[in-house]
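The values are calculated or read from the model by the stated rules, or taken from the named source; none is laboratory data. Keep in mind the model is a prediction, meaning the values are calculated, not measured. Methodologically, a virtual Cβ is constructed for each residue, glycine included, from the backbone with ideal geometry; neighbour enumeration extends over all protein chains shown. The area values use the complete protein model at the heavy-atom level, side chains included, leaving out ligands, DNA and RNA. Shrake-Rupley method; radii C 1.70, N 1.55, O 1.52, S 1.80 Å.
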Amino acid sequence: MPFIFLSLFIAPHLLVIAVCLAVFFLVHIALGIYTVVSISLRQAVTPHSMMGRVSASLRVVTYGVTSLGAFVSGFIGAAIGLRMSLFLAGSGFIIALLPIFVSSVIRLRSMPDQEIHI
């Protein structure tokens, strides 16, 4: 969890540090909720015989993209600077949410009893 102290090195004011720390904790709370909900939904819509394959495939893709993102972000940070690369990362997180708002997942009110197509 050394990322929590990143704001101490890039922020000139106490208010900015407080906002960065608050956002850090809120994001991690949201990630915990997201993980529980997404795994529950995946288990509800995936046939039992495919559960292992779906989970393994998702982990391979997630861990692979995370490693690639860390590698690329180092080059971006060196090329355009720390503040601009953090701004781009924040913008990327917001853009990544857009597909959720146009999918049928946002309209679910309870977990489906049978396999559905999302």
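Six or more apart or on different chains, Cβ under 7 Å: which pairs go from a residue in the stretch 21-39 that's farther than 23 Å from Pro112 by Cβ to one that's open to solvent by less than 80 Å² (accessible area, probe 1.4 Å)? Could you list them?
Listed pairs, sorted by first residue: Leu21/Ile4; Leu21/Ser7; Phe24/Ile4.
Between residues in the stretch 72-95 that are modelled with pLDDT of 85 or more and residues that are assigned to a helix (DSSP H, G or I) and surrounded by fewer than 11 Cβ atoms within 10 Å (Cβ to Cβ), which pairs lie under 8 Å by C-beta distance while being six or more apart or on different chains?
From residues that are modelled with pLDDT of 85 or more, there are no pairs.
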